[in-house]
């Protein structure tokens, strides 16, 4: 907030002082209106005026000896003394306090950013670790790959009648037809596409022969 204009004032209406006290600009509140958060301050100042802890620049008491809060004015010095008596230092009265709240907000913002950065790095590390573990689970080692190929080759040999009993499966005609049947029967399954089967089945058979 820009206090340039208010720093030049020699006295304040109670509504103005209350509004400035909570860091708001009275220019944003026409007439006698004040922000809701300034209402407790206005009540506090009014009570201080009534019991003498806060002295107005001139007596504005009416005929019934009541203070007219709408016309009563108080000097900055009086407001300072009262503020200090209740251990408060509003920025509009104490220039040295200006910017402190903003600095605190910035510091907290920096701390929050650093915390978010640390959390992000931690999440990324955990993600990379999980990805590594997942890759290890998805990609078989050389021994496991050879085992799977042997199983495929053995099953293929059984279907073709290349085992000890020498009897082929009654529905088997050739590998091409077998692949077509598998593709049709297991649509959507990973690793069971026409292209993959056409490459893996011969590869498995050759691997078993080499052993």
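Observations on the model:
- Of all residue pairs spaced 6 or more apart or on separate chains, those with beta-carbon atoms under 9 Å, a first member in the stretch 190-211 that is at positive phi and surrounded by fewer than 14 Cβ atoms within 10 Å (Cβ to Cβ) and a second member that is in a helix (DSSP H, G or I) and at pLDDT 75 or above are 191/197; 191/200.
- Hits in the stretch 1-24 (condition: crowded, with 20+ Cβ neighbours inside 10 Å and without any contact (Cβ under 8 Å) to a residue 12 or more places away in the chain): 16
- Within the stretch 173-211, being closer than 15 Å to residue 146 by Cβ and within 48 Å of the chain's Cα centre (by Cα) holds for one residue alone: 200.
- Complete set of residues in the stretch 128-146 that are at pLDDT 75 or above and farther than 23 Å from residue 195 by Cβ: 128, 129, 130, 131, 132, 133, 134
- Residues in the stretch 25-52 that are under 19 Å from residue 98 (Cβ atoms) and either buried (at least 18 other Cβ atoms within 10 Å of the Cβ) or touching a strand residue (DSSP E or B) at 6+ places or on another chain (Cβ under 6 Å) (or both): 26, 38, 41.
- For the stretch 168-189, taking the residues that are in a loop (DSSP other than H, G, I, E, B) and exposed (fewer than 10 other Cβ atoms within 10 Å of the Cβ), the one that is modelled with the lowest pLDDT is identified as 171.
The values are calculated or read from the model by the stated rules, or taken from the named source; none is laboratory data. All values derive from a computational prediction rather than experimental measurement. Every residue, glycine as well, gets a Cβ built from its backbone with ideal geometry; the counts of neighbours run over all protein chains shown.
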